[in-house]
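Below: the structure, in structure tokens.
The values are calculated or read from the model by the stated rules, or taken from the named source; none is laboratory data. A quick note: this is a predicted structure, and the numbers were derived from the prediction, not measured. Backbone-built Cβ (ideal geometry, glycine too); neighbour counts: all protein chains shown. In case anyone asks, the SASA skips ligands and DNA or RNA and just uses the protein heavy atoms, side chains included. Shrake-Rupley method; radii C 1.70, N 1.55, O 1.52, S 1.80 Å.
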Amino acid sequence: MSDQTCMRCGEQVESSRDDYEVFERMHWDCFHYAYEHDLNGEVPESTDCGMPGCPSGAG
Ligand SMILES: [Zn+2]
Ligand SMILES: [Zn+2]
């Protein structure tokens with residue numbers, strides 16, 4: 001059983017322990033939103049912030 005819970009959304013994180021720690025105990029997506037969107041203050045999660053690999057980008 002994994003005890004890795006995302007600090008942002010509260011959902012289970014199924015990445016490796018190392019990745020979990022590297023991304024501040026968040027999903028990669030949540031980490032991205034926390035640092036690239038929230039800190040910029042103007043980018044909703046539904047909007048592509050322009051960063052390569054943005055989860056809200058084309059896909
Ligand atoms: Zn999350
Ligand atoms: Zn983004």
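Taking C54 and the conditions (1) touching a Pro at 6+ places or on another chain (Cβ under 9 Å); (2) more than 14 Å from ligand 1 (Cβ to nearest atom), which numbered condition does it fall short on, given that it satisfies the others?
Unmet for C54, out of (1) touching a Pro at 6+ places or on another chain (Cβ under 9 Å); (2) more than 14 Å from ligand 1 (Cβ to nearest atom): (1).
Check off (1) open to solvent by 80 Å² or more (accessible area, probe 1.4 Å); (2) within 9 Å of ligand 1 (Cβ to nearest atom) for T5 and give me the number that stays unchecked.
(1)
Pairs, please: C-beta under 6 Å, at least 6 apart or cross-chain, first residue hydroxyl-bearing (S, T, Y) and in region 1-21, second in a loop (DSSP other than H, G, I, E, B)?
The qualifying pairs are Y20/Q4; Y20/V13.
Please work out which one of (1) among the aliphatic types (A, V, I, L, M); (2) open to solvent by 60 Å² or more (accessible area, probe 1.4 Å); (3) within 13 Å of the chain's Cα centre (by Cα) is the condition A58 fails and give its number.
Of everything listed in (1) among the aliphatic types (A, V, I, L, M); (2) open to solvent by 60 Å² or more (accessible area, probe 1.4 Å); (3) within 13 Å of the chain's Cα centre (by Cα), A58 misses just condition (3).
Looking only at region 9-43, count how many residues are modelled with pLDDT of 95 or more, in a helix (DSSP H, G or I) and exposed (fewer than 14 other Cβ atoms within 10 Å of the Cβ).
Within region 9-43, residues that are modelled with pLDDT of 95 or more, in a helix (DSSP H, G or I) and exposed (fewer than 14 other Cβ atoms within 10 Å of the Cβ) number 4.
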